[in-house]
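Participant: Let me give you the structure first, and then I'll get to my questions.
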Amino acid sequence: MLNKKVILASQSPRRKQLLEWAEISFDIKVLHTDEHYPEDISNEEVPVYIATQKGTIVWDSLDSIQQKDSIIIAADTIVVLDNEIIGKPANREDAVLILSKLSGNKHRVITGVSIISEKEITNFYDITYVQFHTLTIEQIEYYIDQYKPYDKAGAYAIQEWIGVTGIHSIDGDFYNVMGLPVSRVVKALEHISK
């Protein structure tokens, strides 16, 4: 389908898995990126800004011949509850606090995507609404102790036990909550390769 080399600028095992499921051949290249963002941008723009930073640093590391033949895919996912961005938990106590806040409430999962090629830069975000059941402290502590969700925005992964047992409903793209709105990424890649 694609006549260019796809490079995923992410070390997320979920994003890797989703691109594999979409049967896209790709390499992974990740360079350290500062994930700070301007304070005056909207919540929706935050993950797009960070994704663009991740993608640009990898793009700039390629020489001109590699750039001609490459497409970079970068993404960043945030969780937003009542207009507050909830990042990755710092420790167990923080994870308990985050999941206690999400318990019984609806939040937004926003994934920003930046796709960079010689032809163009395509940036977009996707929003999925997730409603949790009310969780007991025992459920929250069990999940944290068993699954250790310290590398996940919002302190949970929808494809793990807590998603199966604790989520009442979702409105939007399930895979967006996993970390990549993969069908939109595929459509963007098809457009770029024309």
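Participant: Are any of the residues in segment 42-59 assigned to a helix (DSSP H, G or I), in contact (Cβ under 8 Å) with a residue 40 or more places away in the chain, out of contact with any helix residue (DSSP H, G or I) (no Cβ under 9 Å at 6 or more places or on another chain) and among the basic types (Lys, Arg)?
Facilitator: Looking through segment 42-59, at least one residue is assigned to a helix (DSSP H, G or I), in contact (Cβ under 8 Å) with a residue 40 or more places away in the chain, out of contact with any helix residue (DSSP H, G or I) (no Cβ under 9 Å at 6 or more places or on another chain) and among the basic types (Lys, Arg).
Participant: Within segment 1-14, track down each residue that is closer than 14 Å to residue 115 by Cα, under 16 Å from the mean Cα position of the chain (by Cα) and not hydrophobic (A, V, I, L, M, F, W, C).
Facilitator: Of everything in segment 1-14, just one residue is closer than 14 Å to residue 115 by Cα, under 16 Å from the mean Cα position of the chain (by Cα) and not hydrophobic (A, V, I, L, M, F, W, C), namely 10.
Participant: Looking at residue 159, is it surrounded by fewer than 22 Cβ atoms within 10 Å (Cβ to Cβ) and part of a helix (DSSP H, G or I)?
Facilitator: Considered against the rule, which asks whether it is surrounded by fewer than 22 Cβ atoms within 10 Å (Cβ to Cβ) and part of a helix (DSSP H, G or I), residue 159 comes out as no.
Participant: Would you check which residues across segment 7-41 are on the phi < 0 side of the Ramachandran plot, assigned to a loop (DSSP other than H, G, I, E, B) and of a type in the set (Asp, Glu) and list them?
Facilitator: Within segment 7-41, 34, 35, 39, 40 meet the criteria.
Participant: What is the number of the single condition among (1) among the small types (Gly, Ala, Ser); (2) modelled with pLDDT of 95 or more; (3) surrounded by fewer than 16 Cβ atoms within 10 Å (Cβ to Cβ) that residue 193 does not meet?
Facilitator: Result: residue 193 fails condition (2) only.
Participant: Quick check on my filter: what residues within segment 9-21 are surrounded by 15 or more Cβ atoms within 10 Å (Cβ to Cβ), farther than 13 Å from residue 76 by Cβ and among the hydrophobic types (A, V, I, L, M, F, W, C)?
Facilitator: Within segment 9-21, 18, 19 qualify.
Participant: Just one of 170, 158, 144 is hydrophobic (A, V, I, L, M, F, W, C) and touching a Lys or Arg at 6+ places or on another chain (Cβ under 8 Å); which is it?
Facilitator: Numbers: 170 fails: touching a Lys or Arg at 6+ places or on another chain (Cβ under 8 Å); 158 fails: touching a Lys or Arg at 6+ places or on another chain (Cβ under 8 Å).
When all the criteria are applied, what remains is 144.
Participant: Scan segment 145-156 and tell me whether some residue there is more than 23 Å from residue 116 (Cα to Cα), touching a residue at least 60 places away in the same chain (Cβ under 8 Å), hydroxyl-bearing (Ser, Thr, Tyr) and in a loop (DSSP other than H, G, I, E, B). Break it down into steps so the answer makes sense when it comes.
Facilitator: At the first step, the residues of segment 145-156 found to be more than 23 Å from residue 116 (Cα to Cα) are 145-156.
Then drop every residue that is not touching a residue at least 60 places away in the same chain (Cβ under 8 Å), which leaves 149-155.
From the residues that got through so far, the ones that are hydroxyl-bearing (Ser, Thr, Tyr) too are 150.
Adding the requirement that they be in a loop (DSSP other than H, G, I, E, B) leaves 150.
There is at least one residue in segment 145-156 that is more than 23 Å from residue 116 (Cα to Cα), touching a residue at least 60 places away in the same chain (Cβ under 8 Å), hydroxyl-bearing (Ser, Thr, Tyr) and in a loop (DSSP other than H, G, I, E, B).
The values are calculated or read from the model by the stated rules, or taken from the named source; none is laboratory data. Keep in mind it's a predicted model, so treat the numbers as computed, not measured. Note: ideal-geometry Cβ built from the backbone for every residue, glycine included; neighbour counts use all protein chains shown.
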